[in-house]
Amino acid sequence: MTIKRIIVCSLGILSFALNTMAARIDTLSVESPKMKKEIKVAVIVPDQALEGKKCPTLYLLHGYGGNSLTWLGIKPELPQMADRDGIIVVCPDGKNSWYWDSPTHADSQYETFVSSELVKYIDTHYSTIKDRKGRAVTGLSMGGHGGMWLSIRHKDVFGAGGSTSGGVDIRPFPHEWKMKEQLGELSKNRQRWDEHTVMTQLDKIQNGDLALIIDCGTGDFFLEVNQKFHEELEKRGIFHDFIIRPGKHSSTYWNNSIDYQWLFFKKFFDGYRNNGE
């Protein structure tokens, strides 16, 4: 009986220790000078960063209808993952902006906010690797579009980009997700829509400029545009990881897919850290 009690007690202590080994979660309001308002941001800070070690940063973007806490709801293990691998995770509230600088709404300038204003804030207030090789950006759905949009257009800021179930070509969906509120009607603003889809941004990069990972579920309504995006990258000779696995456009799929993207970005970051730079 005594032995059993000791074993149970030991297992209980181990379980408690594992559950308490998690990064700090900061919930912030970060000023956007361009939009003249504060934006909610969740930051997962691993112990290594709290102790002053320079850590890489993963900017993790939510989808349409989400907010700064969406990813923590989808993947509650993120703080443990951040602590284990020494990665700072930044989750901004992008509203329903598609992470554009909207040409029609001055208060929706989220490309500038994430790629410039927020990066500067995080690098000032946290122990980050202040180099593109220590930054990556990815996201789900609308945030997958954002991950590709921001990394391609700001390769001087981000060294790696990703998309899971991403809307990487918006043009087949002109009446969905209030995109026309940001860009105007497609029929009257075709050039603007062409200029604001990830598919038309690939002339901005060459092979080797970015580490890229794209995935989508077999039952996802974005599967076709992701396949076409992959084919266009191949045609241009731009190396990338492209994964199709069973799943729909759902949190169940993203809870699984982020594990693969996390490994991809960790390997990217480790390549920089292991070189002693």
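Read the figures in this text as sums done on the coordinates, not as results from a lab. Because the structure is a prediction, the values reported are computed rather than measured. Glycine gets a Cβ as well: all are built from the backbone with ideal geometry, and neighbour counts include every protein chain shown.
Of note:
- Distance between modelled label sites at residue 69 and residue 120, nm, 7 Å Cα→Cβ extension: 3.0
- Taking the helices alone, the chain has a mean residue ellipticity at 222 nm of -11000 deg cm²/dmol, built from -39,500 (n - 2.57) per DSSP H run of at least 4 residues and averaged over all its residues.
- Of 138, 104, 112, the one that fluctuates the most in a GNM where the chain has Cα springs shorter than 10 Å: 104
- Set of lysines with alpha-carbon distance to residue 34 below 20 Å, sequence-local pairs under 8 removed: 95, 120
- Computed lengthening from residue 156 to residue 250, 0.36 nm per intervening residue step minus Cα-Cα distance: 30.6 nm
- For 183, 28, 150, order by how many other beta-carbon atoms lie within 10 Å, fewest first: 28, 183, 150
- A Gaussian network model of the chain, with springs between Cα atoms under 10 Å, assigns the largest mean-square fluctuation among 70, 164, 27 to 27.
- Each Cα pair under 8 Å and six or more residues apart adds its sequence gap; the mean of these over the residue count of the chain is a relative contact order of 15 percent.
- Shown here for the range 29-88: GluC sites (Glu not before Pro) in loop regions (DSSP other than H, G, I, E, B) with at most 12 other Cβ atoms within 10 Å, namely 51.
- Relative contact order [Cα under 8 Å, 6+ residues apart], the range 179-277, whole percent: 25
- Across the range 52-67, coupling constants 3J(HN,Hα) worked out from phi with the 6.51/-1.76/1.60 Karplus curve, θ = phi - 60°, read x, 6, 6, 10, x, 10, 10, 8, 10, 9, 7, x, 4, x, x, 7 Hz, and Gly and Pro carry x.
- Reachable aspartates and glutamates, given that their alpha-carbon falls under 17 Å from the alpha-carbon of residue 53 and they are not under 8 places away in the same chain: 83, 85, 123, 131, 270, 277
- Cα-centre dipole for the chain with unit charges at Cβ (Lys and Arg positive, Asp and Glu negative), debye to 20: 360
- Fewest-first sequence of 113, 265 by Cβ atoms within 10 Å of each Cβ: 265, 113
- Backbone HN-Hα couplings from phi across the range 257-274 [Karplus 6.51/-1.76/1.60, Hz, Gly and Pro as x]: 5, 5, 4, 6, 5, 4, 4, 4, 5, 4, 5, 4, 5, 5, x, 7, 5, 6
- Per-residue Cβ neighbour counts within 10 Å put 40, 267 in the sequence 267, 40, beginning with the fewest.
- Neighbour-limited loop hits for trypsin sites (Lys or Arg not before Pro), the range 204-244 (at most 16 other Cβ within 10 Å; DSSP other than H, G, I, E, B): 236
- For residue 242, the residues whose amide H sits under 5 Å from its own are 214, ignoring neighbours fewer than 5 places away on the same chain, with H placed 1.01 Å from N.
- Highest mobility in the GNM of the chain, judged by mean-square fluctuation with C-alpha springs under 10 Å and restricted to 48, 206, 109, is found for 206.
- From the alpha carbon centroid of the range 162-238 to that of the range 135-155 is 11 Å.
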